[in-house]
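The values are calculated or read from the model by the stated rules, or taken from the named source; none is laboratory data. Since we're looking at a predicted model, the values are computed, not measured. Cβ coordinates were reconstructed from backbone atoms using ideal geometry, including for glycine residues, and neighbour counts include every protein chain displayed.
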Amino acid sequence: MDNFEKKEWIKKWALDLGFSSMNVAKANRLDREAERLKEWLNLGYHGSMGYMENHFEKRVDPTQLVPGARSVIIFTFNYFTKKKQLDPEAPKIAMYALGKDYHDIIRKKLNQLKEKIDDKWGETTGRGFVDSAPVLERDWAERAGAGWKGKNTLLIHPKKGSYFFLASLITELELPEDQPIKDYCGTCRKCIDICPTSAILEEGYTMDASKCISYLTIEKRDEIPTEFKGKMDNWMFGCDLCQQVCPWNRFSEEHNEPKLEADEHLLKKNKEEWLSLDQEEFSELFQGSAVKRTKFRGLKRNIEFLSDNNDTS
Ligand code: SF4
Ligand code: SF4
């Protein structure tokens, strides 16, 4: 089997496991991206996510994570659903978090794929990642032609939009690389204009994460600064606004992963019920969900912030 056939063989298995696409980049150091990351960190756009400053070389050089790495395989995994929270006044949860935690689902699939590869070619050096280590997945995905990085900084595929997770497998296997694709944002600036906290810089392509609702509701541990009162668009966990307006998402199709199925209890909860959420209910409702990341205290803080701020009224 030559390297092209190897790649096709892996891709077939990846698609069988439920991944939406697979692309490959050479495992070279991300020199250009490293400069951009340094600049972004120096500007403080990562807010209190101090961990982003750690392991800098590991972030930009895949051979630091997997010695002898030759290829970075990038997978996308669709999470789009038309299901919505029923009460239009209920505080909102980003689409990706309506079902079970994607980390567990995707990690399992990456492990299964690695096992298939090892069964076929003997034990290979390689590691799968899904938000689990310092891997710049979006930069790799862009290099590998899995999409282009839009003005909203998300990866966009011209036929599939942006509602997908990214995962990677860094491997010693030498696989033919894919070519980056064109940026189709053109003169559009819908994501910049819709962002209620002006987190996307005016020229696009750069995000001040410290202002993004996703950061404020999930990553930020202390109080949400008062400057964001009235600007949260009623989001209590994450935010989808800059994806909702993106014209490329008109091509999104329903995912078919049962474990990502939106939780019916969660969809049915109305505004009043969210306001009276207690610890016990939180633990029950979000068992095995990515929302657990905020802990009860964090989600309650968000709900109260929205309510104080009349975002929910
Ligand atoms: S996720 Fe929401 S807050 Fe963050 S950049 Fe997009 S629109 Fe702005
Ligand atoms: S909304 Fe427009 S500018 Fe923003 S990412 Fe989508 S296509 Fe690009």
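What to note about this one:
- Within the set G44, G18, the sole residue that is outside any helix (DSSP H, G or I), over 30 Å from H265 (Cα atoms) and either assigned by TED's automatic domain parsing to the domain that holds G161 or within 19 Å of the chain's Cα centre (by Cα) (or both) turns out to be G44.
- When restricted to residues that are within 23 Å of P91 (Cα to Cα), in contact with a Phe, Trp or Tyr (Cβ under 8 Å, 6 or more places away or on another chain) and either outside any loop (DSSP other than H, G, I, E, B) or more than 11 Å from ligand 1 (Cβ to nearest atom) (or both), segment 196-210 contains 2.
- Where T197 falls short, out of the listed (1) over 17 Å from the mean Cα position of the chain (by Cα); (2) surrounded by fewer than 19 Cβ atoms within 10 Å (Cβ to Cβ); (3) more than 24 Å from F19 (Cα to Cα): (2)
- Qualifying residue in segment 89-107 (condition: within 30 Å of A69 (Cα to Cα), part of a helix (DSSP H, G or I) and among the acidic types (D, E)): yes
- Selection within segment 228-256 - charged (D, E, K, R), more than 21 Å from R297 (Cα to Cα) and more than 9 Å from ligand 1 (Cβ to nearest atom): R250, E253, E254
- L110 being assigned to a helix (DSSP H, G or I) and either away from ligand 1 (no atom under 16 Å from the Cβ) or not polar (S, T, N, Q) (or both): yes
- Residue that is within 16 Å of ligand 2 (Cβ to nearest atom) and among the aliphatic types (A, V, I, L, M), where the choices are L241, L260: L241
- Residue pairs whose Cβ atoms lie under 7 Å apart, sitting 6 or more positions apart in sequence or on different chains, and linking a residue in segment 140-157 that is surrounded by fewer than 22 Cβ atoms within 10 Å (Cβ to Cβ) to a partner that is in a loop (DSSP other than H, G, I, E, B) and among the charged types (D, E, K, R), are G145/D178; W148/K182; W148/D183.
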